[in-house]
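First the structure, in the form of structure tokens, and then the observations on it.
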Amino acid sequence: MSFRWSHRALVLLALGCSAGDGPEQSDGPGDEDAPADPLDGLYAIDRVLSVDIELEPDDWDALRNESRNLLELLSGDCRDEPFGSPYTWFEASVRLDGETFAPVEVRKKGFIGSLSTTRPGLKVDLGEFEREWTFEGARRLTLNNAVSDDAVVRQCITYSAFADAGLPAPRCGFARVHVNGDDLGLYVNLEPIKEPFLARHWGDSSGNLYEGTLSDFGPGLSGTLEPKTNEDETDRSDIEGLVDALDVDDADLLESLDEHLDLDQFFTHWAMEVITKHQDGYAANTNNFYIYADPSDGRFDFIPWGTDDTLSPYWWDGASSPRSVFATGHLANRLYEMDEGQERYLSRLQALLDGTWDEARLLARLDRMEAALLGELADGDARALTRNIAEVRDVIEERRSEIEAELESGPARWRDGVAEPFCAQQTGSFDLTLSTTWGSLERNWYRYGEADLVLSLYDESVPMAPVGVTAGWGEDGPLLLVAGITPDDYELLLVFGFAPEDIAPGTVEVDLIHAVGNLYVLEPGAADYAYGGELGGTMVFTQGGTGADDPVVGSIEGGGVYVWGL
């Protein structure tokens, strides 16, 4: 039996210039047309920086196991304020291409989709204790684990395409990271969006910078925009001004927005999100972006972020999704639904395809990136990386024709609507202890194994007997099913999907937001199960393994059941 996860769960778990050629992004040393900049070498696309971090073993265990819980983040009045950071800075020493800095500070990074306890994304601050310490001009390093990008190159190639369009985009290279002697593999070495970045692009870093994470400019959606500069002085009046600027009639919209937003820059940013298939960016998912209020005029410019899912051969919304536009974000949606805004967007899109989107240039960059990365890998890993990069190449080569083929029939309709301020509402709780064997999914779900399940829904206890538990390989990885029957013959199924490394011998704590937990309900006489909610909590495995008949023993205390709503 197969199960279809809720669309919202899948999406969340996955949960300034004009158009034209723009300046060629520096590809690091050897790019004769690039302006001299001491940081260009640090972010050269054919360089793999060696990063060796040493810290106390207990601190490393604490750092890598720090986490977020999506259902807790997005429950209650979840859009009222920024999500903030749960991560702690730890003292460490770091060696960069043989140059040692100690002491420095290191912490984990990541929202949800990039979280890992084995290969965490990392931030390094060289200057916390010695303010003048820098490496090749950089005080801070942002090291992304690329767990959502098996090709590793998507972030760097996409940011370079944004820079080709004259947009402010972070520079991007690669790193090989070791912690306490353990090789964590290849990372993306990304330029932080900090004051030096702002000064480089605007000549002035004194403006207000905000990070957008599941953020928008419609009613009830702007509260999660997080101030990243001037935190103590920011009164958010600039954000409120942009929100109010959208609340006008179509006839006044462009003039109203242009007072608060560099519209020309936004059209370019929006079109580049579409061309690069940034399905987790602002226009498609109201996520992964920065905005900066240019001190020269106070108007906002957009900055791309979180591009590890770009240039993918897959579409989140399947075959029906438009190929030539994303318009979930309120700004994009309002502009696309009015004639002049749609015309300006489509004109900018075509201008970028004609004058900026240069497949040969992008593919040449990919060649340089691939050559550098392959030098770090053994044969088997190298062959896998080559296959994955080939997927990126295919998307780059096909993207222009895909967009233009759709536009031959006229502008695509956007049927998916606009972002709404959904949050998770807790509808129940559960405690669970279980014992079963691996490879038992084909057994009787309700009578195999041993499970003690105490479940409450909408403040009412839900008794069940019998209750069984099975475990084994599903279509997308390890599955654990807990099944029970109520006295009135309702069948309840708790479905947990894990990563293979989670089913391991010994005590392993797995936050269910890193897995997939769903409740399904089969009413008497119904043909199939109905979705009943998301499951949150921490599974603690005391025994586990994926060999035939391996014992799988675990428990959850204080788990929650949630549904998505306004």
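The values are calculated or read from the model by the stated rules, or taken from the named source; none is laboratory data. Since the structure is predicted, the reported quantities are computational estimates derived from the model, not experimental observations. In this analysis, Cβ positions are derived from the backbone assuming ideal geometry, glycine residues included, and neighbour counts consider all displayed protein chains. Only protein heavy atoms, including side chains, enter the accessible area calculation; ligands, DNA and RNA are left aside. Shrake-Rupley method; radii C 1.70, N 1.55, O 1.52, S 1.80 Å.
Exactly one residue out of Ala364, Ala351, Ala283, Ala327 is of a type in the set (Gly, Ala, Ser), at negative phi and outside any helix (DSSP H, G or I): that is Ala327.
Every residue, every condition in (1) closer than 19 Å to Tyr290 by Cβ; (2) polar (S, T, N, Q); (3) touching a Phe, Trp or Tyr at 6+ places or on another chain (Cβ under 9 Å); (4) part of a loop (DSSP other than H, G, I, E, B), yes or no:
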| residue | (1), (2), (3), (4) |
| --- | --- |
| Asp238 | yes, no, yes, no |
| Val243 | yes, no, yes, no |
| Leu253 | no, no, no, no |
| Gln265 | yes, yes, yes, no |
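The one condition from (1) at pLDDT below 95; (2) open to solvent by 30 Å² or more (accessible area, probe 1.4 Å); (3) closer than 14 Å to Val274 by Cα that Ala319 does not meet is (3). Output the residues belonging to the range 179-224 that are small (Gly, Ala, Ser) and either within 13 Å of Ala293 (Cα to Cα) or buried (at least 23 other Cβ atoms within 10 Å of the Cβ) (or both). Within the range 179-224, Ala199, Gly203, Ser205, Ser206, Gly207, Gly212, Ser215 meet the criteria.
The strands (runs of 3 or more DSSP E) located wholly in the range 455-566 that include 1 or more residues which are open to solvent by 30 Å² or more (accessible area, probe 1.4 Å) and in contact with a Lys or Arg (Cβ under 7 Å, 6 or more places away or on another chain) occupy 551-565. If we scan the range 411-418, do we find a residue that is of a type in the set (D, E, K, R), open to solvent by 60 Å² or more (accessible area, probe 1.4 Å) and over 30 Å from Ser215 (Cα atoms)? For the range 411-418, residues of a type in the set (D, E, K, R), open to solvent by 60 Å² or more (accessible area, probe 1.4 Å) and over 30 Å from Ser215 (Cα atoms): absent. When residues in the range 365-380 are screened for being out of contact with any strand residue (DSSP E or B) (no Cβ under 9 Å at 6 or more places or on another chain) and either surrounded by 14 or more Cβ atoms within 10 Å (Cβ to Cβ) or not small (Gly, Ala, Ser) (or both), 7 of them pass.
Is it true that Tyr490 is closer than 30 Å to Glu420 by Cβ and not small (Gly, Ala, Ser)? Spell out the reasoning first.
Working: closer than 30 Å to Glu420 by Cβ: no; not small (Gly, Ala, Ser): yes.
So Tyr490 fails the test.
Which of the residues that make up the range 202-234 are under 23 Å from Thr286 (Cβ atoms) and not in a loop (DSSP other than H, G, I, E, B)? The answer is Leu209, Tyr210, Glu211, Gly212, Ser222, Gly223, Thr224, Glu226, Pro227.
For the range 533-549, the candidate set comprises residues that are out of contact with any helix residue (DSSP H, G or I) (no Cβ under 9 Å at 6 or more places or on another chain) and not small (Gly, Ala, Ser); within that set, the residue that is modelled with the lowest pLDDT is Thr538. Number of residues in the range 375-434 that are aliphatic (A, V, I, L, M) and in a helix (DSSP H, G or I) equals 11.
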